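Participant: Take a look at the following structure, please.
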Amino acid sequence: MFEMDGDGKGKKSKKEKKKERLEGMKKEMDIDDHEITIEELEMRYDTSIKKGLTSSFASQVLERDGPNALRPPKGTPEYVKFARQLAGGLQCLMWVAASICFIAFGIELARGNLASFDNLYLAITLISVVVVTGCFGYYQEFKSTNIIASFKNLVPQQALVIRDGQKNQINAVDLVVGDLVEIKGGDGVPADIRIIFAQGCKVDNSSLTGESEPQSKTPECTHENPLETRNIAFFSTTCLEGVANGIVINTGDRTIIGRIASLASGVGNEKTPIAIEIEHFVDIIASLAIAFGFTFFVVAMFIGYEFLEAMIFFMAIVVAYVPEGLLATVTVCLSLTAKRLARKNCVVKNLEAVETLGSTSVICSDKTGTLTQNRMTVAHLWFDNHVHAADTTEDQSGQSFDQSSETWRALARIAGLCNRAVFRPDQEGLPVPRRLVVGDASETALLKFTELTIGNIMVYRDRFNKVVEVPFNSTNKFQLSVHELEDPMDLRYLLVMKGAPERILERCSTILIKGQELSMDEHLKESFQTAQMDLGGLGERVLGFCYVYLNEKEFPRGYKFDSDEMNFTTSDLCFAGLISMIDPPRATVPDAVMKCRTAGIRVVMVTGDHPITARAIAANVGIISEGSETVEDIAIRKRIPVEQVNKSDARACVINGGQLKDMSSEDLDEALRSHPEMVFARTSPQQKLIIVESCQRLGSIVAVTGDGVNDSPALKKADIGIAMGIAGSDAAKNAADMILLDDNFASIVTGVEQGRLIFDNLKKSIAYTLTKNIPELTPYLIYITVSVPLPLGCITILFIELATDIYPSVSLAYEKAESDIMNLKPRNPRRDRLVNEALAAYSYFQIGAIQSFAGFTDYFSAMAQEGWYPLMCVGLRAHWENVHLQDMQDSYGQEWTFGQRLYQQYTCYTVFFVSIEICQISDVLIRKTRRLSVFQQGFFRNKVLVSAIVFQLLLGNLLCYCPGMPNIFNFMPIRVQWWFIPVPYGILIFVYDEIRKLGVRRNPGSWWDKELYY
Amino acid sequence: MASNEEKPAAAALTTAAVVAADKEKKSSWKDSIYNPRTGELLGRTASSWGLILLFYLVFYIFLAGMFALTMWVMLMTLDDYVPTYQDRVPHPGLVIIPHSLDIHVNKSDPKQYGHYIQDLETFLQRYNDTEQEKNELCPPGEFYDQEGGSMEKKACQFKRSLLSRCSGLSDTTFGYSEGEPCILLKLNRIIGLKPLGNPYINCTAKTDTPVQMQYFPREARIDKMYFPYYGKKAHESYAQPLVAVKLLLTKEDYNTELSIECRVEGCNMRNTDARDKFLGRVTFRVKVFE
């Protein structure tokens, strides 16, 4: 622990360096490939937009730039991972103790005292404990890393590239700068590409920016910011529809996504709260050990020991304070919880992160893919002058609307027919929402919606033969198609149209209400407007639908429809209704957010998506609660300018990336402090990082959830980063500490609960483990000061620490929560420590003291009953330990050889051991609860604990009565009645603790509560 | 309204954290020892220290009381004459006098071996004939059982003169001046021990040529009448039986270290324990210089 303070400065300078690198990274984002002309681009990359690169040149460039793949983040070398397991707070304490043992052994050896190998054994044991638990922890991490690695996508990405004028399908890894590539709907974008030709090309940027809306890509430069402009498509995004050609401008790590990924690796990992707690605890132990050791050093000098001897006493006391078994206990407890979490689909990469969720006070959650399904879904319909809600649940378990209306049938027919999206083949077995579709997001949504409501839409479409269609474009903002009717006798053509609601309305003269075609009046128009505004305000994308039966005479069968000329009726149509779509929240999210709130955890949304959508989803899942207003809302309600609104009146606040850019860090802190419900929209990866830092500055322990590459820096910076297992990108998973295998946000609640529980239970385990330190130490102190024969030996202590008491201390990890921990606030990391002074004092100076008295009672009894009266024992040490004295007289005049005295000493070790065991049984029972009575908690409810007690007793008996033990491990077969001498003290411990708990429960806040509640 | 309650709570949480952070900045390590603003010494005020120390005083007095009580109860169960258990002393150890396992004798330098003689002489004081005549003359060859009767037990005579040439009466240097040193052997006292058989001592030198030895009393017998022992309190005048062995060394044996092992034989007393080399046997080295 001493070393740690030392390298604080070193770390700081490293951090500064990293900061510089981050700054550098931000500047590097400046590229101008999107601004220059195509000719300049051809010049720059020695390429041609017709023929592409030559193969030979391409291979040269490949040699120069390396493959087009994200370099896997420089994985920590395995030996460093292992070394990290050996360098925690407790481990350092044990290293220091081991070296003290070696020094003490060296001193003894130099003084010619060959008999005492205890120090050597102790040192070796300490080191092996550290190494063995290190191996265990390493193995645990190795296992979870493997689970995560198995999720990696192993299928190599393909790219269609034009080289030497020839189209070739090659591995995307072999792409180089200057390559001419072609992408079409369904493809992944294989590199950063400057678009030179595009037709209806739309790209899903959600993995990069978090936008749920697809972005259309065109050859024109529309923005100076490369991230905003339309003529660059980014590596790792997917093309949803349309086709495009482009020149590769960046490959591998030089792509935007590569830079974000390396931004993540530049962010330092935060120390976990539990690591901080353990360091604090080590500080307490170390200072107590040194204080104790020094006191007895002085006492020993005063009594008249030599300096060197006193020095050895000092070292022995310091070492005796090291709880050898604690490291193993903590590691096992944490991995038990990790296992429990893994069963609930949370995989933890770093054991210590298990507890972090329990301390979390702020969750910064990404929206797309984390809170939402990342799948456009029909949310609402407006027809017959009413808004109908559609079922948006993932498994179609929700309520559906009334589908009996004639209007609905018309609307569904338009939605089904005026749609170019199709299912990929061979997916009949899959539930509809999970089937893959070729087409843009809203068409996909409509396709799935109609498939679910009408059924088998592909066959349905075949019945209405399509004659012509006009695809959507940004100028007319509608899409239409003309179909033959399914009734072969009816020779009319049906024209169906969908598009932006206003544009559709413009073309309509009638409206379908309850199957009746009514003329569009002002009243209906107004209600249309309100419906459209309402749905838009929910963050939903609204589409209008209309249709008309074309006049049979004007457009007879075989009429030549022309999609460019549009030689057919496109006005005076009949309006059918509105359908609005949204990327809906996952079903479990609102409930999980609510649970987080009751648990005192603030959920902040941080997304790259648009503010309106973000806000709508936030309101939907409860991040912005009902009735909460933003400053803008208040301004509108009170009809006053935004500046006049008292900011503290607004509970909610939506800040977008642009505003955030102009805010100082103090402003951000202030905003976070004054608004409990926060939504950040349009944020860049760096801004996510800034938000996390700000929360941490306010003293919060921050969890970040996310799935995209854009989340990875924030995931890394967070106290605990949580990535989605299915939807999550590799970069996100790499940066995270925890992975939700089922992408279920609700698992976080489980994580919080388990984290809080393990914090409470670790406290109990530690209290249990610390207690016996005192009865292990006092024999030595009495031995030094009163010179009695040594009551408890070093090997015996190690057996208590590392054999009999491990299982009971681990069994406390199975203890149920005492109260409803999910209704409490998260712990305050500054005040609610894992090990506080009350815990140490209660364990050491009260329960530990009782145990010591129990041990000495048993010790003196065993001595007296074998012939050595208590008073005679005092001052006996020098003669007792004299190897040459073979006829030492006891209180009855019997003469003892040294060997006989040694076995008597082992008998004392054993009775002391038995006393500690008996008291520890009582101790483990009282540690079941900190506040409740054990009777309230249930004596036998924790089966593991009961079996641990049985195990402890059996092992104790085995040690005592197994033949051969005396000479190997210094255990003697003791008289049965010596097992019962400590029982009254065990009862005293139990009764005293019940009294303590009663006092704590009855008088909260009293002196008793403050001093004795840990 | 529930939402109104939550708001100040959230604000309080953050402000508390800020206050704590400020406090941390101002306080230094010196304050943790003595804080002049609050009058806290090691984190507590005087009254707080007083209360907690009072608590611990009461607590420990109670514990000490309980300890004293249990110890008193335990002591009440003890017998003054016989230990409750003798689990660790089933067999007696064998001890030599002088109390040294390496006996180096320069026979021409009385000062050099003087301390051995001193040791022997002191040890034999109890066996002076005048002293021993107060004890009983017991029938040899049988245990001197005194079960029942008074608590005070009688002891059997073991006169120093029984050791004749090793009694130090005729030869006050116990043969050390002649290069034929006497070594006394005694069995450790163990209450109630009754050997089965007729115990005697047998010593052997671990050399190529056998060393002549002379035992006193004759045949190195330990008579059964000296058993059993009734303990310090009941058997105050008890004199445990001795065997003296006189090493009749010759000139060839001088200046070399002789390793001699003595064992109790002829009875059930253990003399082969692998761990305890002093149970019923003893090994010592003797070196005589001219």
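Participant: Restricting the search to the stretch B:45-91, which residues are facing another protein chain (nearest Cβ under 8 Å), over 30 Å from residue B:33 (Cβ atoms), in a helix (DSSP H, G or I) and aromatic (Phe, Trp, Tyr)?
Facilitator: Matches in the stretch B:45-91: B:67 only.
Participant: Out of B:194, B:224, B:206, report the one residue that is away from chain A (no Cβ under 12 Å), among the basic types (Lys, Arg) and more than 26 Å from the chain's Cα centre (by Cα).
Facilitator: Residue meeting the stated conditions: B:206.
Participant: With respect to residue A:999, determine if the residue is free of Cβ contacts under 8 Å to residues at least 24 places away in the same chain, in a helix (DSSP H, G or I) and either at positive phi or surrounded by 13 or more Cβ atoms within 10 Å (Cβ to Cβ) (or both).
Facilitator: Taking the combined requirement at face value, the residue satisfies it.
Participant: Looking only at helices (runs of 4 or more DSSP H) that fall completely inside the stretch A:847-957, which ones have 3 or more residues that are within 14 Å of chain B (Cβ to nearest Cβ) and polar (S, T, N, Q)?
Facilitator: Helices (runs of 4 or more DSSP H) meeting the threshold: A:848-865, A:898-926.
Participant: Okay, moving on. Checking residue A:359 against (1) surrounded by fewer than 24 Cβ atoms within 10 Å (Cβ to Cβ); (2) within 30 Å of residue A:715 (Cβ to Cβ); (3) of a type in the set (Gly, Ala, Ser); (4) modelled with pLDDT of 85 or more, which single condition isn't satisfied?
Facilitator: Going through the list (1) surrounded by fewer than 24 Cβ atoms within 10 Å (Cβ to Cβ); (2) within 30 Å of residue A:715 (Cβ to Cβ); (3) of a type in the set (Gly, Ala, Ser); (4) modelled with pLDDT of 85 or more, residue A:359 breaks only (1).
Participant: In addition: Would you point out the residue of the stretch A:958-983, among those that are in contact (Cβ under 8 Å) with a residue 60 or more places away in the chain and in a helix (DSSP H, G or I), that is surrounded by the fewest Cβ atoms within 10 Å (Cβ to Cβ)?
Facilitator: A:983
Participant: Only one residue in A:758, A:782, A:774, A:797 is buried (at least 22 other Cβ atoms within 10 Å of the Cβ), farther than 18 Å from residue A:839 by Cα and among the β-branched types (Val, Ile, Thr). Which one?
Facilitator: A:797
Participant: Would you pick out the residues in the stretch A:811-826 that are within 14 Å of another protein chain (Cβ to nearest Cβ), surrounded by fewer than 20 Cβ atoms within 10 Å (Cβ to Cβ) and of a type outside the set (A, V, I, L, M)?
Facilitator: Once the filter is applied, which keeps residues that are within 14 Å of another protein chain (Cβ to nearest Cβ), surrounded by fewer than 20 Cβ atoms within 10 Å (Cβ to Cβ) and of a type outside the set (A, V, I, L, M), the stretch A:811-826 yields A:823, A:825.
Participant: Restricting to the stretch B:102-135, name every residue that is outside any helix (DSSP H, G or I), surrounded by 15 or more Cβ atoms within 10 Å (Cβ to Cβ) and either within 14 Å of chain A (Cβ to nearest Cβ) or of a type in the set (Lys, Arg) (or both).
Facilitator: B:103, B:107
Participant: Counting only residues that are surrounded by 24 or more Cβ atoms within 10 Å (Cβ to Cβ) and touching a Phe, Trp or Tyr at 6+ places or on another chain (Cβ under 8 Å), how many does the stretch A:729-738 have?
Facilitator: Number of matching residues: 0.
Participant: Which numbered condition trips up residue B:245, out of (1) of a type in the set (A, V, I, L, M); (2) under 28 Å from residue B:79 (Cβ atoms); (3) more than 14 Å from every other protein chain (Cβ to nearest Cβ)?
Facilitator: (2)
Participant: Mind checking which residues of the stretch A:360-378 are farther than 15 Å from residue A:582 by Cα and part of a strand (DSSP E or B)?
Facilitator: A:362, A:363, A:364, A:365
Participant: With respect to the numbered conditions (1) over 29 Å from the mean Cα position of the chain (by Cα); (2) part of a helix (DSSP H, G or I); (3) crowded, with 24+ Cβ neighbours inside 10 Å, which one is the sole condition not fulfilled by residue A:416?
Facilitator: Looking at each condition in turn, residue A:416 falls short on (3).
Participant: Could you list, in sequence order, all residues of the stretch A:769-825 that are of a type in the set (Gly, Ala, Ser), assigned to a loop (DSSP other than H, G, I, E, B) and touching a Gly at 6+ places or on another chain (Cβ under 8 Å)?
Facilitator: Once the filter is applied, which keeps residues that are of a type in the set (Gly, Ala, Ser), assigned to a loop (DSSP other than H, G, I, E, B) and touching a Gly at 6+ places or on another chain (Cβ under 8 Å), the stretch A:769-825 yields only A:787.
Participant: For the stretch A:632-675, give me each residue that is more than 14 Å from chain B (Cβ to nearest Cβ), at pLDDT 85 or above and in contact with a strand residue (DSSP E or B) (Cβ under 9 Å, 6 or more places away or on another chain).
Facilitator: Once the filter is applied, which keeps residues that are more than 14 Å from chain B (Cβ to nearest Cβ), at pLDDT 85 or above and in contact with a strand residue (DSSP E or B) (Cβ under 9 Å, 6 or more places away or on another chain), the stretch A:632-675 yields A:654, A:655, A:656, A:657, A:660, A:663.
Participant: List pairs: first in the stretch B:23-46 and within 18 Å of residue A:837 (Cβ to Cβ) and at pLDDT 70 or above, second part of a loop (DSSP other than H, G, I, E, B) and of a type in the set (A, V, I, L, M, F, W, C), Cβ under 8 Å, 6+ apart or cross-chain?
Facilitator: B:32/B:42; B:33/B:42; B:34/B:42
Participant: What are the residues in the stretch A:588-631 that are closer than 21 Å to residue A:702 by Cβ, within 14 Å of chain B (Cβ to nearest Cβ) and not in a loop (DSSP other than H, G, I, E, B), if any?
Facilitator: Listed by number, the residues that qualify are A:593, A:594, A:596, A:597, A:598, A:602, A:603, A:604.
Participant: Do you know which residues across the stretch A:695-717 are touching an Asp or Glu at 6+ places or on another chain (Cβ under 7 Å), crowded, with 24+ Cβ neighbours inside 10 Å and closer than 20 Å to residue A:674 by Cβ?
Facilitator: A:702, the sole residue that qualifies.
Participant: Which of the numbered conditions does residue A:843 fail, given that it passes all the others? Conditions: (1) out of contact with any helix residue (DSSP H, G or I) (no Cβ under 8 Å at 6 or more places or on another chain); (2) more than 12 Å from chain B (Cβ to nearest Cβ); (3) crowded, with 21+ Cβ neighbours inside 10 Å.
Facilitator: Result: residue A:843 fails condition (1) only.
Participant: Would you confirm whether or not the stretch A:379-390 contains a residue that is within 37 Å of the chain's Cα centre (by Cα), under 26 Å from residue A:749 (Cβ atoms), touching a residue at least 24 places away in the same chain (Cβ under 8 Å) and part of a strand (DSSP E or B)?
Facilitator: Yes, the stretch A:379-390 contains a residue that is within 37 Å of the chain's Cα centre (by Cα), under 26 Å from residue A:749 (Cβ atoms), touching a residue at least 24 places away in the same chain (Cβ under 8 Å) and part of a strand (DSSP E or B).
Participant: Say we look at the stretch A:219-233 and pick out the residues that are of a type in the set (Val, Ile, Thr) and assigned to a loop (DSSP other than H, G, I, E, B); which of these is surrounded by the fewest Cβ atoms within 10 Å (Cβ to Cβ)?
Facilitator: Only one residue tops the list, namely A:222.
Participant: Can you find a residue that is touching a Cys at 6+ places or on another chain (Cβ under 8 Å), buried (at least 20 other Cβ atoms within 10 Å of the Cβ), at pLDDT 80 or above and not in a strand (DSSP E or B) anywhere in the stretch A:271-285?
Facilitator: The answer is yes, given that some residue of the stretch A:271-285 is touching a Cys at 6+ places or on another chain (Cβ under 8 Å), buried (at least 20 other Cβ atoms within 10 Å of the Cβ), at pLDDT 80 or above and not in a strand (DSSP E or B).
Participant: Listed residues A:245, A:168; which is in contact with a Leu (Cβ under 8 Å, 6 or more places away or on another chain), free of Cβ contacts under 8 Å to residues at least 60 places away in the same chain and not in a loop (DSSP other than H, G, I, E, B)?
Facilitator: A:168
Participant: Another question, if that's okay. If a residue must be surrounded by fewer than 14 Cβ atoms within 10 Å (Cβ to Cβ) and more than 14 Å from chain A (Cβ to nearest Cβ), how many such residues does the stretch B:260-288 contain?
Facilitator: Of the residues in the stretch B:260-288, 1 are surrounded by fewer than 14 Cβ atoms within 10 Å (Cβ to Cβ) and more than 14 Å from chain A (Cβ to nearest Cβ).
Participant: I've got another one for you. Given the structure, is residue A:747 polar (S, T, N, Q), within 26 Å of residue A:360 (Cβ to Cβ), modelled with pLDDT of 90 or more and assigned to a helix (DSSP H, G or I)?
Facilitator: no
Participant: Further, regarding this structure: Just wondering, is there one or more residues in the stretch A:533-543 that are in contact (Cβ under 8 Å) with a residue 60 or more places away in the chain, among the β-branched types (Val, Ile, Thr) and part of a strand (DSSP E or B)?
Facilitator: no
The values are calculated or read from the model by the stated rules, or taken from the named source; none is laboratory data. Quick caveat, the model's predicted, so the values are computed rather than measured. Heads up, the Cβs are rebuilt from the backbone with ideal geometry, glycines too, and the neighbour counts pull from every protein chain shown.
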